[in-house]
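As structure tokens, the structure follows; a few thoughts come after it.
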């Protein structure tokens, strides 16, 4: 009974906390018109103006010129503009456009990323649902199964699903680490302990009575409904930046007097990018984590070690008693 | 409604993370086996990681890559927590021959 009360109080507290959230969520204007900073390279103001007329909300303008040449007198002839490219977000999808040299007419449109997470269409959406279902089903397995090994396997399935979800968010390195650490190491640890304990659970779920279960279930359903309603509305602050994130991108690695002097090609979420961040700004936490892991290993061994007087003494008696 | 099914946006990832977190919370609150409670905690940590990565991706900023560092550190802390937690479970089991948190109501055995 007390457990039901605790559960209900926690759930109602969460619901109450969420009740005040929509007011804050409605602050963000969601009328579809985002002001996008135009990053233009090599384009004249005239071309930029033309492109913006032809493609409202275009960004990432780039004008490719034929190579500049220097004549005998040392005068530099910059080539004329050959092609103009621009990206635009239309209905939440990023589309690359190729325009005529004056930027007035669209020649071709390339559906580069068909939606904001960069997945391509329905196949990827189906995969998302499949992996989301796998991870949720695994999580439900953990919470509901009486058999501990089944619970551990559900947890592994859930973690593998989450790894795939990371992959969809372009966090490749994290996905691999997730599989290695969670589905590999932590799973083995849990299975070992389950095998050591080797004891079926007598009472899997707290008895709470029909009314309490129904009330708690309804409260949880309401909470999930509210969460879905609020979170599905979440839009990136700037869909242009978000949509452009996965592409290979030049990242500044050296500055001199607030100007970039060296750029390198990075891909979001790749080992290079993560490593650069981990060993740059994240160096102190990285080193601190190694101390934490060392302490955890020592602590785990110290805690799990059998106590001498309990376990050794009976063994000694037995050997002494043996003929 | 169909657009909600076929157009996967950041909200979907956040909802997924929230549901996973809720399942983890329910596991911690409802179950009595210490092992299951530890697993539920791992689930909650994972859900928080998914949220971190989704938001980092959503902001699309280079600096947002720090979320990767953060997530990696969370994974390391989760591993350490699992190791120590399971060691405690084993030690408790050795003393009392059961790991149900409702029965662990005294400090000595």
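The values are calculated or read from the model by the stated rules, or taken from the named source; none is laboratory data. On a predicted model such as this, the values are computed, not experimentally measured, just so you know. FYI the Cβ positions are ideal-geometry reconstructions off the backbone, even for glycines, and counts take in every protein chain you see.
Does the stretch B:66-81 hold any residues that are crowded, with 20+ Cβ neighbours inside 10 Å, more than 7 Å from chain A (Cβ to nearest Cβ) and either over 13 Å from the mean Cα position of the chain (by Cα) or under 12 Å from residue A:286 (Cβ atoms) (or both), and which are they?
Result: B:67, single match.
So residue A:296 clears everything in (1) at pLDDT below 55; (2) within 16 Å of residue B:79 (Cα to Cα) except one condition, right? Which one?
Evaluating residue A:296 over (1) at pLDDT below 55; (2) within 16 Å of residue B:79 (Cα to Cα) leaves (1) as the failure.
Facing chain A (nearest Cβ under 8 Å) and either closer than 18 Å to residue A:167 by Cβ or assigned to a loop (DSSP other than H, G, I, E, B) (or both), is that true of residue B:8? Outline the logic, then answer.
Working: facing chain A (nearest Cβ under 8 Å): yes; either closer than 18 Å to residue A:167 by Cβ or assigned to a loop (DSSP other than H, G, I, E, B) (or both): yes.
Spelling it out, residue B:8 is indeed facing chain A (nearest Cβ under 8 Å) and either closer than 18 Å to residue A:167 by Cβ or assigned to a loop (DSSP other than H, G, I, E, B) (or both).
Of the residues A:274, A:303, which single one is farther than 23 Å from residue B:68 by Cβ and either modelled with pLDDT of 85 or more or touching a helix residue (DSSP H, G or I) at 6+ places or on another chain (Cβ under 8 Å) (or both)?
Details: A:274 fails: farther than 23 Å from residue B:68 by Cβ.
Residue meeting the stated conditions: A:303.
Which members of the stretch B:11-36 meet the condition of being more than 8 Å from chain A (Cβ to nearest Cβ) and closer than 13 Å to residue A:140 by Cα? Walk me through how you get there before you give the answer.
Taking the stretch B:11-36 as the starting set, the residues that turn out to be more than 8 Å from chain A (Cβ to nearest Cβ) are B:17, B:21, B:28, B:34.
B:21, B:28 - these are the residues of the stretch B:11-36 that are more than 8 Å from chain A (Cβ to nearest Cβ) and closer than 13 Å to residue A:140 by Cα.
Among the residues of the stretch A:120-152, what is the count of those that are buried (at least 19 other Cβ atoms within 10 Å of the Cβ) and modelled with pLDDT under 75?
0
Residue-wise test of (1) within 7 Å of another protein chain (Cβ to nearest Cβ); (2) surrounded by fewer than 21 Cβ atoms within 10 Å (Cβ to Cβ).
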position	(1), (2)
B:46	yes, no
B:59	yes, yes
B:97	no, yes
B:104	no, yes
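Name the residue that is modelled with the lowest pLDDT, counting only residues in the stretch A:248-271 that are surrounded by 14 or more Cβ atoms within 10 Å (Cβ to Cβ) and more than 9 Å from chain B (Cβ to nearest Cβ). Explain how you work it out, then say what you get.
Initially, the stretch A:248-271 is screened for residues surrounded by 14 or more Cβ atoms within 10 Å (Cβ to Cβ), giving A:249, A:251, A:266-270.
Then keep just the ones that are more than 9 Å from chain B (Cβ to nearest Cβ); that gives A:267, A:270.
Numbers: A:267: 67, A:270: 77.
Filtering first and then ranking leaves A:267.
For residue B:39, state whether it is part of a helix (DSSP H, G or I), free of Cβ contacts under 8 Å to residues at least 40 places away in the same chain and more than 7 Å from chain A (Cβ to nearest Cβ).
Details: part of a helix (DSSP H, G or I): yes; free of Cβ contacts under 8 Å to residues at least 40 places away in the same chain: yes; more than 7 Å from chain A (Cβ to nearest Cβ): no.
Spelling it out, it is not the case that residue B:39 is part of a helix (DSSP H, G or I), free of Cβ contacts under 8 Å to residues at least 40 places away in the same chain and more than 7 Å from chain A (Cβ to nearest Cβ).
Could you give me the residue pairs with C-beta distances under 7 Å whose first residue belongs to the stretch A:208-228 and is without any contact (Cβ under 8 Å) to a residue 24 or more places away in the chain and not assigned by TED's automatic domain parsing to the domain that holds residue A:140, whose second residue is assigned to a helix (DSSP H, G or I) and crowded, with 17+ Cβ neighbours inside 10 Å wherever it lies, and which are 6+ apart or on separate chains?
Filtered contacts from the stretch A:208-228: A:224/B:19; A:224/B:22; A:228/B:15.
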